[in-house]
Amino acid sequence: MDRKPRPLPQPAVRRAAWPVGLLVALCFTTLPLFLALSPGRPTLLDLWQQIGIRVAVHYDDEPKPSSEPSDSPLESRDILLGGLLSLDVSESTCLSRYLSLLYRKASPHSPSPYLVSRLRKYEALHRRCGPGTPLYDKSVRQLASAHNSMGLAECSYLVWTPGNHLGDRMVSMASAFLYALLTRRVFLVDMAKDMAGLFCEPFPGASWELPPGFPVHNLTQLRRGSEHSYGSLLGAKKISNDDPVGVRSESLPSYAYLHLAHDYQLPDQRFFCDDDQTVLGKVNWLLLRSDLYFAPGLFLVPQFEDELRWMFPATDTVFHHIGRYLFHPSNKVWKMIQGYYTSYMAKFDEKIGLQITTLARNPVSTEVYFNQIAACSSQEKILPEVDPKVASSEHEAAATSSKAVLVISAQPEYAERLKSMYYEQATVTGEHVSVLQPPGAGNQPQNHKVLVEMFLQSYCDVSVVSGWSTVGYVGHGLAGLSPWLLLPPRNQTVAHPPCVRAMSMEPCFHAPPSYDCRAKTNGDLGAVLRYLKRCEDVDDGLKLFDLF
């Protein structure tokens, strides 16, 4: 049974507080003059940011989009997302970092002060230990040795390696970064060629990309059963978890590979056990490969539980906050996102995102799945019904409001069917409905197209996504919306019900471990913690949701 998290440690109350108050008053009255007369000194804004005062910033000369995408101008928006982002990244190097919020409604989910504090501390760690620093060079030399002959190093690292498609990669990257936050590791990304030029650097003054010349070669070839996988190291007795506290770092290999992909098994699944995390904490370099959103599994580790609850008092906001912190499209990709939105989406009163994915292991005809989408829309009143007796042209001029349906699918038939339906027939509500579909990749890399689609979906007011789709998870997670989930069809027939409202905006952990570390046996991990339940779209999956 889960327990209440320990309260955050509070500073001790000291006597004779009036001298401190006097000093603070003097600082705030004299510091602005001092700063104004001191060229090259940090500004008052910089100082406020460092001591935790929340600041919303705007620039008078900042260009505005041609079509204002939100109810509030930039001047009234919190471009730092409640402190989630640091102001230490130049806007010109990453336009999306500060402008993307204009295309979404303001999020009602504020990051906790503890999460904000941990992110600032992490950024300082990354600048101190990241690529190009003496500490990084020292750690790489240590990695090249056979064992941790120098013991536990001053800096430890987590290297993420890519697998599967972009949606899987982004949810696993968010999970891996959260793990790095919890374990005070520097997070590095082995950037695949098909991800080049996709994202801005998220950390101020430092790179998250793994530099060339890394001593461990062929990272993308690491698989279940690889010699340095944690499961293999346990099986070969090169690592022991019998006495996790007593294990000396000098006795451990220089690195361990964490295989957290969909095909992992015991003992790799022991990654989510408390004793094993104690052992892994003494390995300087961890290499991780995953295609899963495994963040919910981190809540199963007792030594992480309190800090996770401090970071995320609302437990269904993990991806929403981590994703908005970590993922910022590059200027090249942002130009495509901004261009499409302002040209096609901005003018509509309501925007509905429809993300459609069919699974190869569960094939279904376009006709059957379209019928399920239509049934979902009708049942939940997502789209207005049409009147087959009235042509759309008869009511177009008198439309009371306008809706856009953004259809994201590799199969254009779904958008064409919807276009035909709303082009030929009027809606019974008098609303005007337009069906939009972003263009194909053309000469652009495929992952650029997918990222554009995910961000456009995140700018919609309503989200309808296919079950199992990590691309859909990213879109509605960034938006902070609980979506309507299209349940997977069974045996070429429409699912009943056709869709359900998700209990939270969190992605589903598709393949959680079957082993319950606390009970030391296989069990139902959906019953271990009150805020972890089975997913609506994946029978065996786990999902975080908020208790309140």
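The calculated Kirkwood hydrodynamic radius for the stretch 468-526 is 13.6 Å, given to one decimal from all distinct C-alpha pairs.
Remark: the stretch 504-518, residue by residue, has Karplus-estimated 3J(HN,Hα) of 7, 8, 5, x, 8, 7, 5, 9, x, x, 8, 8, 8, 5, 5 Hz, where x stands for each Gly or Pro and the curve is 6.51 cos²θ - 1.76 cosθ + 1.60 at θ = phi - 60°. Cβ-Cβ distance of residue 503 and residue 461, R₀ of 22 Å, FRET efficiency by 1/(1 + (r/R0)^6): the value works out to about 0.65. Give the calculated FRET efficiency between residue 413 and residue 117 to the nearest 0.05, with a Förster radius of 56 Å applied to their Cβ-Cβ distance. Between residue 413 and residue 117 the formula returns 0.70. Rolling a 1.4 Å probe over the heavy atoms of the protein chains gives the stretch 76-211 an accessible area of 36 Å² per residue. Mean separation of Cα pairs under 8 Å and 6 or more residues apart, divided by the residue count, gives the stretch 449-535 a relative contact order of 20 percent. Segment residue 360..residue 343, full-extension length gain: 2.7 nm, with 0.36 nm per residue of separation and the alpha-carbon distance subtracted. Modelled this way, with points 7 Å down the Cα-to-C-beta line, the labels at residue 381 and residue 420 are 2.9 nm from one another.
Straight distance only, please: which lysines reach the Cα of residue 335 with their own Cα at less than 25 Å, same-chain residues fewer than 8 apart left out? Filter leaves 64, 105, 193, 347, 351, 403, 449. Across 238, 389, 543, 121, the residue with the most accessible area heads the list, and the full order at a 1.4 Å probe is 389, 121, 238, 543. Take the Cα of residue 263, go 7 Å toward its beta carbon, and the backbone nitrogen atoms of the stretch 502-532 under 16 Å from that spot belong to 511. Modelled this way, with points 7 Å down the Cα-to-C-beta line, the labels at residue 443 and residue 224 are 4.3 nm from one another.
Counting only protein heavy atoms and using a 1.4 Å probe, what share of the accessible area of the stretch 305-358 belongs to carbon plus sulfur, as a whole percent?
49
Full extension of the chain segment joining residue 492 with residue 250 gains 81.4 nm, where the gain is 0.36 nm per residue of separation less the Cα-Cα distance. Dipole magnitude for the stretch 180-328: about 280 debye, using +1 per Lys or Arg Cβ and -1 per Asp or Glu Cβ, origin at the Cα centre.
Candidates 319, 333, 296 compared by Cα position along the dipole of the stretch 267-363: farthest toward the positive end lies 333, with charges placed on Cβ.
Applying 0.36 nm per residue to the separation of residue 201 and residue 87 and subtracting their alpha-carbon distance, the gain on full extension is 39.7 nm.
Grab the other residues whose beta carbon is less than 13 angstrom from that of residue 246, score K and R as +1, D and E as -1, and report the net.
Its environment carries a net charge of -2.
Normalising the average separation of contacting C-alpha pairs (under 8 angstrom, six or more residues apart) by the number of residues puts the relative contact order of the stretch 199-345 at 25 percent. Among residues other than residue 492 with Cβ under 14 Å from its Cβ, the summed charge is +1 (Lys and Arg +1, Asp and Glu -1).
With contacts taken as Cα pairs under 8 Å at a separation of at least 6 residues, the stretch 99-195 carries a relative contact order of 28 percent. Consider a paramagnetic label point 7 Å from the Cα of residue 391 along Cα→Cβ; state which residues of the stretch 416-441 have an amide N under 16 Å from it. Output list for this probe position: 420-427. Here residue 143 sits with roughly 10 square angstrom of accessible surface, probe radius 1.4 Å. Accessible surface comparison of 255, 423, 341, probe 1.4 Å, protein chains only, largest first: the order is 423, 255, 341. Ranking of 517, 155 by solvent-accessible surface, largest first: 517, 155 (1.4 Å probe, protein heavy atoms only, all chains present).
The values are calculated or read from the model by the stated rules, or taken from the named source; none is laboratory data. None of the values given here were measured: they were computed from a predicted structure. Cβ atoms come from the backbone with ideal geometry, glycine included; neighbour counts cover every protein chain shown. In case anyone asks, the SASA skips ligands and DNA or RNA and just uses the protein heavy atoms, side chains included. Shrake-Rupley method; radii C 1.70, N 1.55, O 1.52, S 1.80 Å.
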